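Trainee: Take this structure, written in structure tokens, and hold onto it; I'll ask about it next.
The values are calculated or read from the model by the stated rules, or taken from the named source; none is laboratory data. This one's a predicted model, so the numbers in the text were calculated from it and none came from an experiment. With ideal geometry, Cβ positions are generated from the backbone for all residues, glycine too; neighbour counts draw on all protein chains shown. Surface areas here come from the heavy atoms of the whole protein model, side chains and all, with no ligands, DNA or RNA. Shrake-Rupley method; radii C 1.70, N 1.55, O 1.52, S 1.80 Å.
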Amino acid sequence: MLQTMRDNAQGIVAKFIVFFIIFVFALWGVESIVNLGSGSEPLAQVGGQEITEVEVQRAVEQQKATLRRQFGEQFDESLFNDGVLRQSAIEQLIQRKVQLVKAHEMGLYASPAQIDEAIVTIPAFQLDGNFNKEQFRSILAMNGWTPLTFRENLSQDIIVNQLNAAVVQTTIAAPYQVRLNAMLDGEMRTVSWVQLNARDLTNGITLSDDEVQASYEATKNLYQTPETVSIRYVGFNRKDVAAKMEVTEDELKQAYNDYLTQLKDKEQRNASHILIEVNDKRDDAAAQALAADIEKRIAGGEDFAKLATEFSDDIGTRNQGGELGFAARGAYVEAFDNVLFGMEEGTVSEPVKTEFGYHIIKLMGVKAADAASLDDKREELSAWIRDEKAQQHIAEQTQELTNIAFSASGVNDIADALGLKAEVSAPFTRDAGEGIAADAKVREEAFADNVLLDHETSQVVETDSGVYVFAVEEHKEAEVQPLAEVRNRVETRLKREKALELAHQRADAIVKGSGDAPEWKSVSVNFRQSSDLPREAQARAFAMAKGAVEAVDVNGGVAVVRVDAVQVPEMADLTASDDGKMSQLSRISRQGMISFRKWAEANTEIKRPGA
């Protein structure tokens, strides 16, 4: 979304936008499409603040937009798991809400003047270095924002920035600590090393049959086939049940009427408003009195647009007569929304109080959502009705399935009693399966002791596809594969072990001075520098004394490390430089912010999905 703003702002974007409004725009995406059966219950709650489905969808869409920018034409949405993106979005929103809760507890807030100042200084809203109202409204419209919702999210961003600044600015970089870190960072070591890779030593290794057999016997657990079961099951598959359901014309008409009713919530309204803020120069009583006076002047026949230009504190709309443009229900704060969607076209409201101040609202126009015809919706509505009927039928039959399963002698008896056909699954493991066994709840129940060992019929298991009961059809214990089938794997593993052992022997000989070393390599580095020296060897070299030689395990083999020289700056010669202070402050600030966020989450009541 931020990239879209960059493109649409004709390239007028600087670091300030990235720093200041990335979090605001991060929560925007496409709105929910018109659908049947959607709920409004919050998905999560953080300290009394709710996280809604719309917020999660916005965050998911923003993640996808980010991935599209990163991968360009190579982006394939099917490769990204929506469940993972959704969970990530929910966690991000939870962390955001935690910050807002703690900020409010500390009494932090963004004044109207701060919000105005931030808006007029954002480069994306400027032309030739000056704030431009048309540019402001155009960019907001391109990204689906209204001035009010943008101000609200910008206010939250300012508050979170205040909170972060309060945490970061409490850190102190002591001069001694700065000098000590400078001394440690400035320590240079000249290190020589020889690297012995196990892979280079495998070609000369031969194995006898006895060695292969002995290795196989000692590591049989590595060559087992997984334990598997297959199950005989019976139940109600939602798709199969839905396909058998009939839909009457009356049911179809009722569903279509429900669809039309739901479309009313998607109606858009074009509002104009005059905002009277409560600020340093005007208290609540004065703001309310001014708003009431303006409302009386409008009722007396004065022009709404002219009064908006003269009095409104909304810098983004006042020169356009206060016009906000068309927006659906939910685009504004609740108090504003409730009044707007209860008005008749052309009418003007009494002053409405919100967190932004007092609003006089005029309803300029109403745009109803486009309704598809019954014929166009027939297939979709029929499928929905069948699904609803299938859900109801399965709910009614689940209790019957439970009762019969309790007394029946087996799955076939249950199938006969319900007039269904029992089926047998393909073998599956504890960790993976296909068909009905793709569901983890089925696998868990199938491997439960009472079902697997005592051969009992399972309890009723509900999955995404339906409800089922089952019993184990066939159980295969984990079995060790014959040596003939896994000989290549055994030999490869044994050669790698022998090569690594040989590398250690040669390394030990080099350390003792009794072995010939290949050509030594040398490098001078400090602890944080990258070099050709393997990282494990470099870390060890900074714990060794000058002149010491040691063998160090590294990825794929062994390195022999020798410390040739150590250069340590004198503490007395070091000063606490500004760069050193900033570096130290940065480290301490990061640690402080991590600690604060952990504390904030631990001390905020969080109700996650499914809790």
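Trainee: Being small (Gly, Ala, Ser), modelled with pLDDT of 90 or more, assigned to a loop (DSSP other than H, G, I, E, B) and at positive phi, is that true of even one residue in the stretch 537-551?
Mentor: Looking through the stretch 537-551, at least one residue is small (Gly, Ala, Ser), modelled with pLDDT of 90 or more, assigned to a loop (DSSP other than H, G, I, E, B) and at positive phi.
Trainee: Mind listing just one residue for me: the one in the stretch 184-229 that is open to solvent by less than 50 Å² (accessible area, probe 1.4 Å), part of a helix (DSSP H, G or I) and not aromatic (Phe, Trp, Tyr) and, of those, farthest from residue 551 (Cα to Cα)?
Mentor: By that ranking, first place goes to 212.
Trainee: Scan the stretch 313-350 residue by residue and report those that are open to solvent by 40 Å² or more (accessible area, probe 1.4 Å) and touching a Gly at 6+ places or on another chain (Cβ under 8 Å).
Mentor: The answer is 326, 345.
Trainee: Would you call residue 234 at pLDDT 90 or above, within 30 Å of residue 437 (Cβ to Cβ) and under 38 Å from the mean Cα position of the chain (by Cα)?
Mentor: Considered against the rule, which asks whether it is at pLDDT 90 or above, within 30 Å of residue 437 (Cβ to Cβ) and under 38 Å from the mean Cα position of the chain (by Cα), residue 234 comes out as yes.
Trainee: Name the residue, out of 420, 502, that is within 27 Å of residue 215 (Cα to Cα) and touching a Gly at 6+ places or on another chain (Cβ under 9 Å).
Mentor: Within the list 420, 502, the selection yields 502.
Trainee: Got at least one residue in the stretch 476-488 being under 30 Å from residue 565 (Cα atoms) and assigned to a helix (DSSP H, G or I)?
Mentor: No, the stretch 476-488 contains no residue that is under 30 Å from residue 565 (Cα atoms) and assigned to a helix (DSSP H, G or I).
Trainee: Taking the stretch 425-442, which residues are in contact (Cβ under 8 Å) with a residue 12 or more places away in the chain, open to solvent by less than 60 Å² (accessible area, probe 1.4 Å) and within 16 Å of residue 478 (Cα to Cα)?
Mentor: If the condition is that a residue be in contact (Cβ under 8 Å) with a residue 12 or more places away in the chain, open to solvent by less than 60 Å² (accessible area, probe 1.4 Å) and within 16 Å of residue 478 (Cα to Cα), then 428, 429 are the ones that fit.
Trainee: Right, something else. Across the stretch 230-251, which residue is nearest to residue 462 (Cα to Cα) among those that are assigned to a loop (DSSP other than H, G, I, E, B) and free of Cβ contacts under 8 Å to residues at least 24 places away in the same chain?
Mentor: 246
Trainee: Which fully enclosed helices (runs of 4 or more DSSP H) of the stretch 1-111 have 2 or more residues being surrounded by fewer than 18 Cβ atoms within 10 Å (Cβ to Cβ) and modelled with pLDDT of 50 or more?
Mentor: Of the helices (runs of 4 or more DSSP H) lying wholly inside the stretch 1-111, those with at least 2 residues that are surrounded by fewer than 18 Cβ atoms within 10 Å (Cβ to Cβ) and modelled with pLDDT of 50 or more span 53-71, 82-105.
Trainee: So, one more: Test residue 500 against the criterion of being open to solvent by 60 Å² or more (accessible area, probe 1.4 Å), hydrophobic (A, V, I, L, M, F, W, C) and in contact with a helix residue (DSSP H, G or I) (Cβ under 7 Å, 6 or more places away or on another chain), and give yes or no.
Mentor: yes
Trainee: Six or more apart or on different chains, Cβ atoms under 9 Å: show the pairs whose first residue is in the stretch 576-604 and modelled with pLDDT of 85 or more and whose second is not in a helix (DSSP H, G or I).
Mentor: From residues that are modelled with pLDDT of 85 or more, the pairs are 604/46; 604/47.
Trainee: Follow-up question, since we're still on this one. Kindly indicate whether residue 391 is surrounded by fewer than 20 Cβ atoms within 10 Å (Cβ to Cβ) and touching a residue at least 60 places away in the same chain (Cβ under 8 Å).
Mentor: The answer is yes for residue 391.
Trainee: What are the residues in the stretch 339-353 that are among the β-branched types (Val, Ile, Thr) and either out of contact with any helix residue (DSSP H, G or I) (no Cβ under 9 Å at 6 or more places or on another chain) or farther than 18 Å from residue 268 by Cα (or both), if any?
Mentor: 339, 347, 352, listed by residue number.
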